[in-house]
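Report on one structure; see the data block that follows.
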Amino acid sequence: MKKLLFIVSALILSACNTTSPTPSPSPSPSPTGVTVSATDLALIQTGSTLATGAVLNFAVSQPSSRTQLANQIYASASALYQISGGNPLTPAALTNLLNSYSVNGAAQYTQYVTAIDALYSTYYAEYVTGGSSNVQNFAAIVNALAEGAETAASAYSTIPPTSTP
């Protein structure tokens, strides 16, 4: 199961890196006025959906465990919507926020957080650090992550849908 999740994550990240400029090794400020593209947002949302779906469909075998995990993911997606109106978070702070929604420290939830953090980190260096549009970019990226996670989790979650901002 871990190999499958790794493969899906690698495919997602490679797709993200082939269609957008590769971030520099150290985070450098994005130029003033650079806004995250619609293509990148679509890739982020798709990557989030695929990574979340991979965890839910392949890393969990018991339906009750899948529902519990989907509910945790759904709750974390709601939190992402709520923070999208605030100041940008570093990748580590985003990881801490997502981890706060883990119940019983499920390994599968950790796999979800790792995949979401990898997507966020890829675009953080390019669009969120510095520049005048970093707050708007942060909101757009985090909302795309949340929409993707919600889409995948909605098939198994017992939590009613959240209206997107």
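The values are calculated or read from the model by the stated rules, or taken from the named source; none is laboratory data. In this text, all values refer to a predicted model and were calculated from it rather than measured experimentally. Cβ: placed from backbone, ideal geometry, glycine included. Neighbour counts: every protein chain shown.
Does S26 fit the bill of being hydroxyl-bearing (S, T, Y) and either closer than 17 Å to G148 by Cβ or at pLDDT 60 or above (or both)? In short, no.
Give the residue that is nearest to V142 (Cα to Cα), with candidates limited to residues of the stretch 30-71 that are in a helix (DSSP H, G or I) and among the β-branched types (V, I, T).
Going residue by residue through the stretch 30-71, those that are in a helix (DSSP H, G or I) are 38-58, 63-71.
Next, only the ones that are among the β-branched types (V, I, T) stay: 39, 44, 46, 49, 52, 55, 67.
Numbers: T39: 15, I44: 9, T46: 13, T49: 13, T52: 15, V55: 19, T67: 23 Å.
Only one residue tops the list, namely I44.
Of the listed requirements (1) of a type in the set (A, V, I, L, M); (2) farther than 19 Å from T39 by Cα; (3) at pLDDT below 90, A125 misses just one: (2). Cβ-Cβ contacts under 7 Å between residues 6 or more apart (or on different chains), taken from a first residue in the stretch 120-142 that is among the polar types (S, T, N, Q) to a second residue that is at pLDDT 85 or above and in a helix (DSSP H, G or I), are listed as S121/P91; N134/V128; N137/Y127; N137/V128.
Of everything listed in (1) farther than 14 Å from A149 by Cα; (2) modelled with pLDDT of 85 or more; (3) not in a helix (DSSP H, G or I), the single unmet condition for P21 is (2). In the stretch 78-89, the count of residues that are assigned to a loop (DSSP other than H, G, I, E, B), of a type in the set (A, V, I, L, M, F, W, C) and over 10 Å from the mean Cα position of the chain (by Cα) is one or more.
Does Y74 meet the test of being closer than 22 Å to D40 by Cβ, touching a residue at least 24 places away in the same chain (Cβ under 8 Å) and in a helix (DSSP H, G or I)? So Y74 does not fit the description; no.
Against the definition (assigned to a helix (DSSP H, G or I), modelled with pLDDT under 50 and more than 19 Å from N134 (Cα to Cα)), how does S14 come out, yes or no?
Values: assigned to a helix (DSSP H, G or I): yes; modelled with pLDDT under 50: yes; more than 19 Å from N134 (Cα to Cα): yes.
Here the answer is yes, as S14 does meet what is asked.
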